[in-house]
Amino acid sequence: MKITQVKVLITAPDRRNFVLVKVSTDAGLYGWGEGTLNGNEPVVARAIEHMTPLLLGVDPQRIEDVWQFVHTWPYFRGGPVYMAALGAIDLALWDIKGRQARLPAYQLLGGRSRRGAMVYGHAGGRDAAEAAEDVRRFLARGYKVVRVQQGPY
């Protein structure tokens with residue numbers, strides 16, 4: 001099996017950018033990874049595009065080998081942008097391995113460690129009424145904690 005394509009997608013559902021990467025193989029398997037670095041999404045996407053030639057033709061099952069090679073490839077040590085990009089690739093490779101094994105990737109990495117995690121939603125609006133309505137939408141979706149911001153954001 002070989003990597004044939006790496007595609008980067010920047011998307012913004014609910015007003016926040018996310019960097020997603022899709023790694024495809026010649027066996028028809030693909031994996032998704034996420035490498036969002038708040039405020040630096042276009043730069044992370046460009047770093048993934050810069051790494052792409054290193055990945056094409058490589059066996060995606062050699063996750064540790066790929067990680068070590070890409071991590072040590074630059075002359076200067078990478079920072080948060082580079083590591084977010086590498087993390088997205090790493091997640092996509094684990095996703096491929098999980099699809100190949102017909103297991104969720106977390107099962108390959110030792111199994112579930114908790115039943116859930118507390119998260120919060122980020123609601124907002126131009127005025128108090130709009131912000132309150134956005135909070136109600138989060139509560140209706142099951143959120144127990146909502147951060148709210150009024151005004152331009």
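The values are calculated or read from the model by the stated rules, or taken from the named source; none is laboratory data. As the structure is a prediction and not an experimental result, all values here were calculated from the model. No Cβ is skipped: glycine too gets one built from the backbone with ideal geometry, and neighbour counts run over all protein chains shown. Areas reflect the complete protein model, heavy atoms only, side chains present, ligands, DNA and RNA absent. Shrake-Rupley method; radii C 1.70, N 1.55, O 1.52, S 1.80 Å.
So with the 1.4 Å probe, I'd like the accessible area per residue for segment 1-90, rounded to whole Å².
56 Å²
At 1.4 Å probe size, what's the solvent-accessible area of I48? Round to the nearest 10 Å².
About 0 Å², ignoring ligands and nucleic acids.
Within segment 83-123, what whole-number % of the accessible surface is contributed by carbon and sulfur, with the 1.4 Å probe and all protein chains included in the calculation?
52 percent
Count the lysine pairs in the chain that are 8 or more places apart or on different chains: how many have C-alpha atoms under 17 angstrom apart?
Summing the qualifying lysine pairs gives 4.
Please give, to one decimal in nm, the separation of the simple spin-label points placed at M1 and L54, each 7 Å out from Cα toward the Cβ.
If labels sit at M1 and L54, their model points lie 2.1 nm apart.
Peptides 94-106, 22-34: what's the order by average Cβ count within 10 Å, highest mean first?
Descending mean neighbour count gives 22-34, 94-106.
Tell me, what are the semi-axes, in whole angstrom and largest first, of the equivalent ellipsoid of segment 1-41 as set by the roots of 5 times the Cα gyration tensor eigenvalues?
With the √(5λ) rule applied to segment 1-41, the semi-axes are 25, 9, 6 Å.
Once you have the Cα-Cα distance between R77 and R102, take 0.36 nm times their residue separation minus that, and quote the gain in nm to one decimal.
Gain on extension, R77 to R102, equals 5.4 nm.
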